[in-house]
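Everything below concerns the one structure shown next.
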Amino acid sequence: MRVVTVDKLARFSAEAMQKVGLFETDRFFCDLYCLLPGQAQKVHAHQGSDKVYLVLQGRARVRVGDAEQELSPGQAALAPAGDPHGVTNATGEPVTLLVFMAPKPAH
């Protein structure tokens, strides 16, 4: 069994949002996204994969399709396959999110 302590793996960089790989199989992955104030993940889409954003710390502005909403710790959003999606930290505090994706994209 692989066990991780998520909060001990968080890392931030002034240059860009950080992605920390937590778990990965041939079919799935789970990453920790770490965003400082003003950082964002560019809006993009995955044609064959669903993604879930789960906020752990801070408040994240999540976009899925034409909808955009600020999420607080404990809130999650689903980005179904094909829907444009991304996340932004528009606050003055760091943000961490768990990001789950399945099936894992082939890129």
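We did not get these values from a lab; they are worked out from the coordinates using the rules stated. Keep in mind that this is a model prediction, so the values were computed, not measured. Counting neighbours? That spans all protein chains shown, and the Cβs are built from the backbone with ideal geometry, glycine included.
Compute the relative contact order of the range 27-101 as a whole-number percentage, counting only Cα pairs closer than 8 Å that sit 6 or more residues apart in sequence. RCO, the range 27-101: 49 percent. Between Phe12 and Asp50, the simple label model (points 7 Å from Cα in the Cβ direction) yields a spacing of 3.2 nm.
For the range 1-47, the alpha-carbon coordinates run over 36, 33, 11 Å along the three principal axes, in decreasing order. Annotation: lysines with alpha-carbon distance below 16 angstrom to Lys8 (same-chain offsets under eight excluded): Lys19.
Here the Kirkwood formula puts the hydrodynamic radius of the chain at 13.9 Å, using every distinct Cα pair. The share of Cα pairs per 10 Å bin across the range 51-107, counted from zero up to the longest distance, runs 25, 54, 19, 2 percent. Taking label points 7 Å from Cα along the Cα-to-Cβ direction, Asp66 and Ala106 give a separation of 3.3 nm.
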